[in-house]
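Participant: Dumping the structure here so I can ask a few things about it.
The values are calculated or read from the model by the stated rules, or taken from the named source; none is laboratory data. This one's a predicted model, so the numbers in the text were calculated from it and none came from an experiment. Backbone-built Cβ (ideal geometry, glycine too); neighbour counts: all protein chains shown. Note: accessible area is taken over every heavy atom of the protein model, side chains too, but ligands, DNA and RNA are not part of it. Shrake-Rupley method; radii C 1.70, N 1.55, O 1.52, S 1.80 Å.
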Protein chains: 2
Amino acid sequence: MPRLDPASVKALTFDVFGTVVDWRASIIREGEAFAKPRGLSVDWAAFADRWRAMYQPAMEEVRSGKRGWTKLDDLHRESLGKIVAEFGIKGVMAGDLDDLNRAWHRLDPWADAVPGLTRLKRKYVLATLSNGNVALLVNMAKRAGLPWDAILGAEVTRFYKPQPGCYLGTAAMLGLKPDECALVAAHNNDLAVASGLGFKTVFVPRQEHGPGQTKDLTAERDWDVVARDFFDLADQLGC
Amino acid sequence: MPRLDPASVKALTFDVFGTVVDWRASIIREGEAFAKPRGLSVDWAAFADRWRAMYQPAMEEVRSGKRGWTKLDDLHRESLGKIVAEFGIKGVMAGDLDDLNRAWHRLDPWADAVPGLTRLKRKYVLATLSNGNVALLVNMAKRAGLPWDAILGAEVTRFYKPQPGCYLGTAAMLGLKPDECALVAAHNNDLAVASGLGFKTVFVPRQEHGPGQTKDLTAERDWDVVARDFFDLADQLGC
């Protein structure tokens, strides 16, 4: 039994990259499909890791106020231009890189995500609480069949996690108090911030970084719910 | 055949009050359910019309900059307090009025709305482009089964229609150019604004104002599509 009273929560809000979708395997798949007709030889696992490593520093420029609001698609595209140069990839047109950038709109969900969310949706409002922009999340959901009730998070609040405004603005748009919302995430640090703001917390471990992953393999605090996957979460919440 | 090329449109964006849901009959139903256990005698049709009549002036205070951003739930609640006094309704607690205010979260869809949207969703991104706030639209969708891909419009753009920012911000969040979006509405004036901003236009007549309705019974311009209802729209768009 979870420590959490399932009836005390109205909405489940979700971290998406890593928690709902396997960004790394998907970017590798997209990279290989991009490389093949172009005869490119690239270590796409290294490429995916490098692209993701530029994610926090890129958002930090926005969070710090160094630059104005910039959606994640645009941050991803800027990072992509740099990585392509770093990896010595030559002769690729800007339009082709725009398409490769939209690989982030085509990430595949973990196997339990769609059926698990479908069960959870019967009882709870399901919303994204992601740093992804709306178009990215809408296109991802449409392709993968993710049954969100609302696409919320960074772009609609104009705050990137872990800025409090991203969590609190999402709860406010749902018309809920923070403690009527749970954050579901595969990242202990995301849950720590949410918990500090009054959210309930659900940890689901995911091996998003591949075989070399060392962090976030287990719950580092006594989160309200720790679930093996979204099926186990649905079981624990009585869905 | 519609004048519109169905393949040129990526997203259908929807006016909601009147176009998707029958606000007037629903408010009358909610009012009657509210009155019965309290022994109140109220002309709920007149009450519904009065509440709706205060909608545009209330938003105009926000649009004009006279007051800061205020979500529709709060505007509805302020109007409700005034109407209750106007109608001489006495002895009702503020908390009960808060619940009556959430009648706008419980509006019923027109009979063709859910099955029609379900067909349209197979081919198009479906988003709200409504002055309703996110919680109102999410709760309405959850109760009625409206299969939105995204809840957009006023609250996420911080502009009330007919301010251009509401339409253009919604398209931008979908990652689309205005002419890749169609507005579906039962209101000629809403379509005129959207058309001027580059949106494609779909008119669906609805008798939302009841038997006394005189305007918006027919298309007043040569909109891209004129459909009898959402079934006819799905037929015309090949869904």
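Let's see how each residue does on (1) under 25 Å from B:Ala150 (Cβ atoms); (2) more than 18 Å from the chain's Cα centre (by Cα); (3) β-branched (Val, Ile, Thr):
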site	(1), (2), (3)
A:Thr157	yes, no, yes
A:Ala171	yes, no, no
A:Ala186	yes, no, no
A:Ala192	no, no, no
A:Leu197	yes, yes, no
A:Asp224	no, yes, no
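Participant: Is it the case, given these coordinates, that A:Ala127 is within 10 Å of chain B (Cβ to nearest Cβ), open to solvent by less than 30 Å² (accessible area, probe 1.4 Å) and either in contact with a Leu (Cβ under 8 Å, 6 or more places away or on another chain) or of a type in the set (Phe, Trp, Tyr) (or both)?
Facilitator: yes
Participant: Just a yes or no: is a residue in the stretch A:23-42 under 15 Å from the mean Cα position of the chain (by Cα) and not in a helix (DSSP H, G or I)?
Facilitator: No; the residues of the stretch A:23-42 include none that is under 15 Å from the mean Cα position of the chain (by Cα) and not in a helix (DSSP H, G or I).
Participant: Can you spot a residue in the stretch B:94-116 that is crowded, with 22+ Cβ neighbours inside 10 Å, out of contact with any helix residue (DSSP H, G or I) (no Cβ under 9 Å at 6 or more places or on another chain) and within 14 Å of another protein chain (Cβ to nearest Cβ)?
Facilitator: There is no residue in the stretch B:94-116 that is crowded, with 22+ Cβ neighbours inside 10 Å, out of contact with any helix residue (DSSP H, G or I) (no Cβ under 9 Å at 6 or more places or on another chain) and within 14 Å of another protein chain (Cβ to nearest Cβ).
Participant: Report yes if B:Thr170 is of a type in the set (Ser, Thr, Tyr) and either within 14 Å of chain A (Cβ to nearest Cβ) or closer than 26 Å to B:Arg106 by Cβ (or both), otherwise no.
Facilitator: yes
Participant: Of the numbered conditions (1) in a strand (DSSP E or B); (2) touching a residue at least 40 places away in the same chain (Cβ under 8 Å), B:Thr201 satisfies every one except a single condition; which is it?
Facilitator: The failed condition is (2).
Participant: Being surrounded by fewer than 17 Cβ atoms within 10 Å (Cβ to Cβ) and either in contact (Cβ under 8 Å) with a residue 40 or more places away in the chain or farther than 13 Å from A:Thr19 by Cβ (or both) is the filter here, so list the residues in the stretch A:204-218 that pass it.
Facilitator: Result: A:Gly210, A:Pro211, A:Gly212, A:Gln213, A:Thr214, A:Lys215, A:Leu217, A:Thr218.
Participant: Which of the numbered conditions does A:Leu80 fail, given that it passes all the others? Conditions: (1) in a loop (DSSP other than H, G, I, E, B); (2) open to solvent by less than 20 Å² (accessible area, probe 1.4 Å); (3) more than 14 Å from chain B (Cβ to nearest Cβ).
Facilitator: Of the numbered conditions (1) in a loop (DSSP other than H, G, I, E, B); (2) open to solvent by less than 20 Å² (accessible area, probe 1.4 Å); (3) more than 14 Å from chain B (Cβ to nearest Cβ), the odd one out for A:Leu80 is (1).
Participant: Please work out which one of (1) crowded, with 17+ Cβ neighbours inside 10 Å; (2) assigned to a helix (DSSP H, G or I) is the condition B:Asp74 fails and give its number.
Facilitator: Of everything listed in (1) crowded, with 17+ Cβ neighbours inside 10 Å; (2) assigned to a helix (DSSP H, G or I), B:Asp74 misses just condition (1).
Participant: Then there's this: Can you find even one residue in the stretch A:117-129 that is among the basic types (Lys, Arg) and part of a helix (DSSP H, G or I)?
Facilitator: For the stretch A:117-129, residues among the basic types (Lys, Arg) and part of a helix (DSSP H, G or I): present.
Participant: Check B:Leu176, B:Leu191 and return the single one that is touching a strand residue (DSSP E or B) at 6+ places or on another chain (Cβ under 9 Å), more than 20 Å from B:Arg119 (Cβ to Cβ), within 14 Å of chain A (Cβ to nearest Cβ) and at pLDDT 95 or above.
Facilitator: B:Leu176
Participant: I need a count of the residues in the stretch B:18-48 that are among the charged types (D, E, K, R) and open to solvent by 50 Å² or more (accessible area, probe 1.4 Å).
Facilitator: Number of matching residues: 5.
Participant: Shifting gears a bit: Within the stretch A:172-185, count every residue that is crowded, with 23+ Cβ neighbours inside 10 Å and either without any contact (Cβ under 8 Å) to a residue 12 or more places away in the chain or closer than 17 Å to A:Val20 by Cα (or both).
Facilitator: The qualifying residues number 4.
Participant: Which of the residues that make up the stretch A:179-188 are of a type in the set (Asp, Glu) and within 14 Å of chain B (Cβ to nearest Cβ)?
Facilitator: A:Glu180
Participant: Then there's this: Filter the stretch A:135-147 down to residues that are assigned to a loop (DSSP other than H, G, I, E, B) and without any contact (Cβ under 8 Å) to a residue 60 or more places away in the chain and give me whichever is farthest from the other protein chains (Cβ to nearest Cβ).
Facilitator: Step by step, filter the stretch A:135-147, then rank; the result is A:Gly145.
Participant: Return the only residue of B:Gly132, B:Gly145, B:Gly198, B:Gly169 being over 23 Å from B:Ala234 (Cα atoms) and open to solvent by 10 Å² or more (accessible area, probe 1.4 Å).
Facilitator: Selected residue: B:Gly169, the only one of B:Gly132, B:Gly145, B:Gly198, B:Gly169 that is over 23 Å from B:Ala234 (Cα atoms) and open to solvent by 10 Å² or more (accessible area, probe 1.4 Å).
Participant: Do we find a residue being more than 14 Å from chain A (Cβ to nearest Cβ), open to solvent by 20 Å² or more (accessible area, probe 1.4 Å), not small (Gly, Ala, Ser) and not in a helix (DSSP H, G or I) anywhere in the stretch B:49-62?
Facilitator: yes
Participant: Identify the single condition in (1) under 25 Å from A:Ala53 (Cβ atoms); (2) assigned to a helix (DSSP H, G or I) that A:Glu220 does not satisfy, given that it satisfies every other one.
Facilitator: Going through (1) under 25 Å from A:Ala53 (Cβ atoms); (2) assigned to a helix (DSSP H, G or I) one by one, A:Glu220 breaks only (2).
Participant: I've got another one for you. Mind counting the residues in the stretch B:148-164 that are within 14 Å of chain A (Cβ to nearest Cβ), open to solvent by 10 Å² or more (accessible area, probe 1.4 Å) and part of a helix (DSSP H, G or I)?
Facilitator: Of the residues in the stretch B:148-164, 3 are within 14 Å of chain A (Cβ to nearest Cβ), open to solvent by 10 Å² or more (accessible area, probe 1.4 Å) and part of a helix (DSSP H, G or I).
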